[in-house]
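Quick notes on the structure that follows.
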Amino acid sequence: MTSPLALALALPGEGLEESVLAAFERTRGFDVRRRCLELEDLLGLAQSGQLDVALIAGTVLRWDGDVVARLQTCGVCVIALVADQSQEQRFRQWGVDAVMTIQMSAFDADEVITEVTSVVTQTRSRKDRHPHSFAHDVSSGIAGESVAQTQDPFAPPAVDKPQAKVMTVWGPTGAPGRSTTAVGVASALAQRDHRVLLIDADPYGGALALMLGRREPDIPGLASACRLAHHGRLTPTQLMGLVHHVEPGLDLMTGLLRADRWPELRPAALEQVWSLARDLWDVVVIDVGFCLEEDEELSYDSMVPRRNATTISALATADHIVAVGSMDAIGLARLVRGLDDLKQVVGREPSVVVANRGMGRSRQVAVQRQVKEILRETGHDVPAMVLPFDREACSEALHAGRSLIRVAPQSALAKNLHLLARTLVSHLGGEQGVELGDRTALGRLRRLSA
């Protein structure tokens, strides 16, 4: 015999809780565990594992994307009852499992029960097939027609294009050149007629704004986008208004200039930013921090913000990971240990390993083979590439506030960054704009590192 679903009602002040409660209490398939007047009650019940379904409504409680994500992380199916279009838009952006539009003048609790049962069945079936997917695209009309999903009237016209690929540039501690590599790859891709968004997502303090000549003290960027997403107000137009055009085809979303503001980068909000960025650009390049550790003192409490969650979120959403290490004994040792941690955290190897600050061109192939051998001996059979050290070109680019690709296009470092970009483009699976000759870039890199 199937046990009844544990249900919690969070409908204070909406004038419908009594009707819904009475209807569910006479239904065999549900067990109403609690009527929650505070968010803490609802979250505590979910964390204890005693809740299957949460029926929520309105604006009396402090709903936001984090609350919805926390409930879903605990395996709770979240269903929202809304009365107007603005509430529907917010709950949809927060990713609830279903939104039901109700009219108090013609409210039918039995229809709510029917729809809740249907949504729970569909959601559980999909979660069994895709356990990491919580979003549910169900809109039900209760006692009236459902409100259509709200569209941003000022959004760019929709085009039939594949979702952008996300490339996350990561590297271990010790300043191995993550940001230089991220800027170089993004600029090289922009020169190949891709619309590229470069995001600074380093929770320990970003550098991309200064590197690309944006020296204003408090310019909006990723933190502002996360705040809007957290409150369910992030639209395509607003996201595009938070980026800065730095080069033809290249836009920049700045990060945290003050490291103590890292709690503003909430994982649930970041997921919305990544998803929306995929829809608006061709390629998204994310520069992240070095640390992959979880705070063991806080690991028992899934509700506490974690500083490294930003880096882990960007790595988890990435289609391709570029791992950057410094080309010296200490840097390579840190890189190898970091690759072990990376595989443990995200469950896969990077698409390519970049050893930065390498030798001159005459020894590059030999050094690249040595790096490949070190990686293979330590259990990491991935393509490897060595970027030459060019202090003069890097200094010139930093002083100019522009990418090295633009400032010193003939330098050995710029040419190798172009090769790295072509290698990553070849991973994109034949996107428009990829030239035939570029499809051999990955093979060329593998031959060099064989």
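Per-structure values
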item	result
The stretch 232-246, subset in contact with a helix residue (DSSP H, G or I) (Cβ under 6 Å, 6 or more places away or on another chain) and not in a helix (DSSP H, G or I), residue surrounded by the most Cβ atoms within 10 Å (Cβ to Cβ)	Leu234
Every pair of residues 6+ apart whose Cβ atoms lie under 6 Å, when the first sits in the stretch 369-395 and is assigned by TED's automatic domain parsing to the domain that holds Met211 while the second is among the hydroxyl-bearing types (Ser, Thr, Tyr)	Lys372/Ser449; Pro383/Ser449; Ala384/Ser449; Asp390/Ser411; Ala393/Ser411
Index of the failed condition, Asp66 passing every other in (1) under 24 Å from Thr235 (Cβ atoms); (2) charged (D, E, K, R); (3) touching a strand residue (DSSP E or B) at 6+ places or on another chain (Cβ under 8 Å)	(3)
Matching residues in the stretch 218-264 - criterion: being within 29 Å of Gln85 (Cβ to Cβ) and among the hydrophobic types (A, V, I, L, M, F, W, C)	Leu222, Ala223, Ala225, Cys226, Leu228, Ala229, Leu234, Leu239, Met240, Leu242, Val243, Met253
From the options Ala229, Ala186, residue that is part of a helix (DSSP H, G or I), within 21 Å of Gly249 (Cβ to Cβ) and within 18 Å of the chain's Cα centre (by Cα)	Ala186
Helices (runs of 4 or more DSSP H) within the stretch 361-418 that include 1 or more residues out of contact with any Cys (no Cβ under 7 Å at 6 or more places or on another chain) and β-branched (Val, Ile, Thr)	361-377, 404-407
Single unsatisfied condition, Ser133 versus (1) within 26 Å of the chain's Cα centre (by Cα); (2) in a helix (DSSP H, G or I); (3) at pLDDT below 75	(2)
Qualifying residue in the stretch 403-421 (condition: at negative phi, at pLDDT 90 or above and charged (D, E, K, R))	yes
Filter result for Arg348 (under 28 Å from the mean Cα position of the chain (by Cα) and modelled with pLDDT of 80 or more)	yes
Selection from the stretch 164-183 of residues that are touching a strand residue (DSSP E or B) at 6+ places or on another chain (Cβ under 7 Å) and not in a helix (DSSP H, G or I)	Ala164, Lys165, Val166, Met167, Thr168, Val169, Trp170, Gly171, Pro172, Gly174, Pro176, Gly177
Among the candidates Asp64, Asp31, residue that is at pLDDT 85 or above and either of a type in the set (D, E, K, R) or not assigned by TED's automatic domain parsing to the domain that holds Gln87 (or both)	Asp31
Ala57 being assigned by TED's automatic domain parsing to the domain that holds Val99, touching a residue at least 24 places away in the same chain (Cβ under 8 Å) and exposed (fewer than 14 other Cβ atoms within 10 Å of the Cβ)	no
The stretch 318-335: number of residues that are buried (at least 19 other Cβ atoms within 10 Å of the Cβ) and not in a strand (DSSP E or B)	6
Only listed residue being within 22 Å of Asp66 (Cα to Cα), assigned by TED's automatic domain parsing to the domain that holds Gly177 and crowded, with 24+ Cβ neighbours inside 10 Å, chosen from Ala268, Ala259, Ala225	Ala225
Residue, modelled with the highest pLDDT, within the stretch 67-86, restricted to residues that are assigned to a strand (DSSP E or B) and farther than 15 Å from Leu5 by Cα	Ala80
The lone exception for Glu392 - which of (1) crowded, with 16+ Cβ neighbours inside 10 Å; (2) under 29 Å from Asp251 (Cα atoms); (3) not aliphatic (A, V, I, L, M) it fails	(1)
The one condition in (1) over 21 Å from the mean Cα position of the chain (by Cα); (2) aliphatic (A, V, I, L, M); (3) modelled with pLDDT of 95 or more that Val246 fails to fulfil	(3)
Of the criteria (1) touching a strand residue (DSSP E or B) at 6+ places or on another chain (Cβ under 9 Å); (2) at pLDDT 90 or above; (3) in a helix (DSSP H, G or I), which one Lys343 fails	(1)
Whichever residue in the stretch 271-281 is under 13 Å from the mean Cα position of the chain (by Cα) and among the aliphatic types (A, V, I, L, M) and, among such residues, is surrounded by the fewest Cβ atoms within 10 Å (Cβ to Cβ)	Leu276
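The values are calculated or read from the model by the stated rules, or taken from the named source; none is laboratory data. Predicted model only: the values in this text are computed from it and were never measured. For neighbour counting, all protein chains shown are included, and Cβ atoms are generated from backbone atoms with ideal geometry for every residue, glycine included.
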